[in-house]
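Bear in mind that the values in this text are calculations on the coordinates, not laboratory data. Please read these numbers as outputs of a predicted model, since none were measured by experiment. Please note: Cβ atoms are built from the backbone with ideal geometry, for glycine as well, and neighbour counts cover all protein chains shown.
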Amino acid sequence: MSSVLLPRAALGAWVLTVGILAVGCTTGVKPAGKVSGAVRYKGAPVASGNVNFQSNDGTNTGGVAKIDGGHYAFETTLPVGSYDVFLTESYPDPVPGVETKPVPSGVPKKFLIAATSGVKAEVKSGSNDIPIDLTD
């Protein structure tokens, strides 16, 4: 009978320890969201470039996602919060001996600078479909 109690006691101690560690590991973790969406300029898909999210809370948080077929998706989650959004041009793979120039995105220069784009986004916990519709 005592051989049955020992494994149960050990199991109970293990469950209690795992529970305490799980609660302790989540303390201080900021909620985050998965972000993706369409990118359009004057209603037409933007073919190339990158979407940049830059936090406007002073933490210098953000990320960059490649535009593919008029859509973007961040590979990692972004912390919940408010962001300034702007685009950057993409560069082709370098070729030895050939000067690499950016691939034009087809959008006005103001959308390529965080301070002038005027585009804002709010990331919430969970999945976020955030379309970026650029107009003059």
For the range 39-95, compute Rh as the Kirkwood radius over C-alpha pairs and then the Stokes-Einstein diffusion coefficient at 10 °C and 1.306 mPa s; write the answer in µm²/s, rounded to an integer.
129 µm²/s
Loop-only check: which trypsin sites (Lys or Arg not before Pro) in the range 18-123 are DSSP coil with at most 15 other Cβ within 10 angstrom?
42
Which of the GluC sites (Glu not before Pro) found in the range 36-136 are in a DSSP loop and have at most 12 neighbouring Cβ atoms, other than their own, within 10 Å?
75, 99
For the range 55-89, list residues with backbone N below 12 Å from a point placed 7 Å from the Cα of residue 30 toward its Cβ?
55-63, 78-83
Set 42/101; 34/66; 42/124; 30/124; 34/110, cut-off 18 Å on Cα-Cα distance; pairs above it are 42/101; 42/124; 34/110
Computed D for the range 32-134, Stokes-Einstein, Kirkwood radius over alpha-carbon pairs, 25 °C, 0.890 mPa s, to the nearest µm² per second, is 175 µm²/s
